Amino acid sequence: MELANRVKTLTPSSTLAITAKAKELKNEGHDVIGLAAGEPDFNTPQFIIDAANEAMQNGFTKYTPSGGIPKLKEAIAAKFKQDNDLSYSSDEIIVTTGAKHALYTLFQVLLNAGDEVIVPAPYWVSYPEQVKLAGGKPVVVEADEANNFKITPEQLENSISNRTKAVIINSPSNPTGMMYSKDELEKIGQICLKHNILIVSDEIYEKLIYTVDQHVSIASISEQLKEHTIVVNGVSKSHSMTGWRIGYAAGPQKIIKAMTSLASQSTSNPTSIAQYAALAAYCSKEDAGDEMRNTFSERLDTLYELLNDIPGVSCQKPKGAFYLFPNVKEAVKKNGFDSTDDWVKALLEEEKVALVPGSGFGFPDNVRLSYAISIDLLNEAAARIKRFVINHQS
Ligand code: PMP
Ligand code: GLU
């Protein structure tokens, strides 16, 4: 049986694939250190787990409205008001099966064949694939590493054509951890308004910031920009709830309505119990994130220093998320490898350290390291990478 054309060119998520491979090797008894995982290594807070248990006991185990239970939408609206000074009504919000599915659904309802979406690189692995799955064309715009991996307003404007429908902004970014300032977002926003382009603002790492810089949602800059923006967010990273699969999108009612119709024909609804868990996460006075943020911040400082001490590896200091995205071009060359992918493969085979090669993020000279593991393991991983680089020095 021949498969549909749309999956013939589909690349599976490299982040998930490498994480799975590292786990498999570990289960086989290999001493693998996984720096590939795109999820916090903290348990979901107990009060959230208790809320899910209670929901089950109370019989909330049935279908819910496709776009999410009203109470959760209200809680998400309150979160937007409090954190981002954004006012959304319930019909401007959809709860989805993870933020990934919010993005997937959005591109499905937005794009006709050949419509273009500007994807700044380095990008999160799923953006170009999701655009292609919706029949669209990802237009990759390479940011300059020297500009902290951020695209400039000029680059954005130069990549716009009469088929451009949207641009994706992910701040703080996966894989670089970099953030756009309010000023930068204003300039990007002006260009989007001028050319009538929708902004897809992926704010999933909003709560994981380790500097004094404030996260700014581009939608909050002006009422006009709000009307041109879909904000995507979720509880996966903020509350260490990756497996619960609750994300959401907020934006113009017409788009949200179409996304909700599509959800009614695809997922039916996000898992009822997980919605009640997310409701508890947003209604609680407890800040689930402080301990996690402090721990991540400490690990970032440690790993950043260690990486910059490795010959041929240079690293910028991220402001958020839980990744470092060093340039390893010189090390790859000096170590005698043809590509970063080969270097990463050999590192896993020889030193049992799993990283994600930058190729999946549209930046093949770099690698992504996640610091969602203990400081001891980060120290050990950096020592192994250094040994690998020195052993292969030609
Ligand atoms: N956007 C980015 C940038 C991410 O890193 C992730 C994490 N996988 C997602 C969206 C999707 O998150 P979720 O687990 O809610 O689907
Ligand atoms: N966002 C995470 C990552 O980039 C999870 C994996 C995925 O969803 O692809 O690793």
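Could you say whether any residue in the range 38-57 is hydroxyl-bearing (Ser, Thr, Tyr), surrounded by 22 or more Cβ atoms within 10 Å (Cβ to Cβ) and within 15 Å of ligand 1 (Cβ to nearest atom)? Within the range 38-57, none of the residues are hydroxyl-bearing (Ser, Thr, Tyr), surrounded by 22 or more Cβ atoms within 10 Å (Cβ to Cβ) and within 15 Å of ligand 1 (Cβ to nearest atom).
Output the residues belonging to the range 284-313 that are of a type in the set (Ser, Thr, Tyr) and farther than 23 Å from Gly34 by Cβ. Don't jump to the end; show me each part of the working.
To start, the set of residues in the range 284-313 that are of a type in the set (Ser, Thr, Tyr) comprises 284, 295, 297, 302, 304.
Matches in the range 284-313: Ser284 only.
Restricted to the range 22-56, and to residues there that are within 13 Å of ligand 2 (Cβ to nearest atom) and either hydroxyl-bearing (Ser, Thr, Tyr) or outside any helix (DSSP H, G or I) (or both), the residue that is farthest from the chain's Cα centre (by Cα) is Gly34. Suppose the filter is under 20 Å from the mean Cα position of the chain (by Cα), aliphatic (A, V, I, L, M) and within 25 Å of Asn162 (Cβ to Cβ); does Ile209 pass it? Taking the combined requirement at face value, the residue does not satisfy it.
Candidates are the residues of the range 90-105 that are touching a residue at least 60 places away in the same chain (Cβ under 8 Å) and farther than 17 Å from Trp244 by Cβ; the one that is farthest from ligand 2 (Cβ to nearest atom) is Asp91. Of the residues making up the range 218-262, those that are under 13 Å from Val109 (Cα atoms), assigned to a helix (DSSP H, G or I) and either within 14 Å of ligand 2 (Cβ to nearest atom) or touching a strand residue (DSSP E or B) at 6+ places or on another chain (Cβ under 7 Å) (or both) number 4. Scanning the range 1-21 for residues being away from ligand 1 (no atom under 16 Å from the Cβ), touching a residue at least 60 places away in the same chain (Cβ under 8 Å) and not in a loop (DSSP other than H, G, I, E, B) gives a total of 2. Taking the residues in the range 118-163 that are among the charged types (D, E, K, R), out of contact with any Phe, Trp or Tyr (no Cβ under 9 Å at 6 or more places or on another chain) and outside any helix (DSSP H, G or I) as candidates, determine which candidate is nearest to Gln316 (Cα to Cα). The selected residue is Asp144.
Among the residues of the range 79-99, count how many are in contact with a strand residue (DSSP E or B) (Cβ under 7 Å, 6 or more places away or on another chain) and either among the hydrophobic types (A, V, I, L, M, F, W, C) or within 16 Å of ligand 1 (Cβ to nearest atom) (or both). Selection size over the range 79-99: 7. When the criteria are applied in full, Ile199 fails the requirement of being away from ligand 1 (no atom under 11 Å from the Cβ) and either in a helix (DSSP H, G or I) or under 15 Å from the mean Cα position of the chain (by Cα) (or both).
Taking Lys352 as the residue in question, decide whether it is among the basic types (Lys, Arg) and either under 24 Å from Tyr127 (Cα atoms) or surrounded by fewer than 17 Cβ atoms within 10 Å (Cβ to Cβ) (or both). So Lys352 does not fit the description; no. Hey, can you tell me all the residues within the range 210-244 that are more than 18 Å from Ile169 (Cα to Cα) and either surrounded by 21 or more Cβ atoms within 10 Å (Cβ to Cβ) or of a type in the set (Ser, Thr, Tyr) (or both)? Hits for the range 210-244 are Tyr210, Thr211, Val235, Ser236, Ser238, His239, Ser240, Met241, Thr242, Trp244.
Values quoted throughout were computed directly from the atomic coordinates according to the rules given, and no laboratory measurement underlies them. Everything quoted here is computed from the prediction, not taken from an experiment. Glycine also receives a Cβ, built like all others from the backbone with ideal geometry; neighbour counts cover every protein chain displayed.
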